[in-house]
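Asker: Once you've had a glance at the structure underneath, I'll fire off some questions.
Taken together, the values in this text are just the output of simple stated rules run on the coordinates, not laboratory data. On a predicted model such as this, the values are computed, not experimentally measured, just so you know. Every residue, glycine as well, gets a Cβ built from its backbone with ideal geometry; the counts of neighbours run over all protein chains shown.
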Amino acid sequence: MSASADVRIYVTTFCPYCVQAKRLLKKKEVTYTEINVDSRDDLRTWLVGASGQRTVPQVFINGKSVGGFTDIDALDRKGKLDTLLAEPPSPGAVALPA
Ligand SMILES: N[C@@H](CCC(=O)N[C@@H](CS)C(=O)NCC(=O)O)C(=O)O
């Protein structure tokens, strides 16, 4: 699919769920920004607050937290992921940290 949403994925290097999440996004031909948080305690702390989860990956679509791999996979199985990916970012959207 051709997506127009702003998609960001926060990952660590050795993370099977991150690999699966990126594989799903690639399968959908989604252009995404990948942020590695291996040595970024500041971002890991921010992620817990922003996502409510302590694990990686964490995916954000147009600035909204949509969770990790199992969450985006569940959205996809319900047919809801494509809808989110097709939405363009709103002009006033706040940039996420990187
Ligand atoms: N259900 C989550 C599981 C994610 C998960 O367990 N990720 C591992 C790395 S692959 C993790 O963050 N473990 C805890 C940690 O690294 O602090 C998902 O699908 O994203």
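Asker: For a quick check of your reading of the filter: which chymotrypsin sites (Phe, Trp or Tyr not before Pro) in region 1-86 sit in a DSSP loop and have no more than 15 other Cβ atoms within 10 Å?
Answerer: Passing both the DSSP loop test and the Cβ count: 14.
Asker: Additional query: Counting other Cβ atoms within 10 Å, which trypsin sites (Lys or Arg not before Pro) in region 17-63 have at most 14 and lie in a DSSP loop?
Answerer: Listed in order of number, the matching sites are 54.
Asker: Which value, in debye to the nearest 20, gives the size of the charge dipole of region 7-86 about its Cα centre, when Lys and Arg are +1 and Asp and Glu are -1 at the Cβ?
Answerer: Dipole about the Cα centre, nearest 20: 220 debye.
Asker: Right, here's the next one. Evaluate the relative contact order of the chain (contact order divided by residue number), counting alpha-carbon pairs under 8 angstrom at least 6 apart; express in whole percent.
Answerer: Reported as a whole number, the value is 38 percent.
Asker: Based on alpha-carbon atoms only, what is the radius of gyration of region 7-86 relative to the globular estimate 2.2 N^0.38 Å?
Answerer: 1.01
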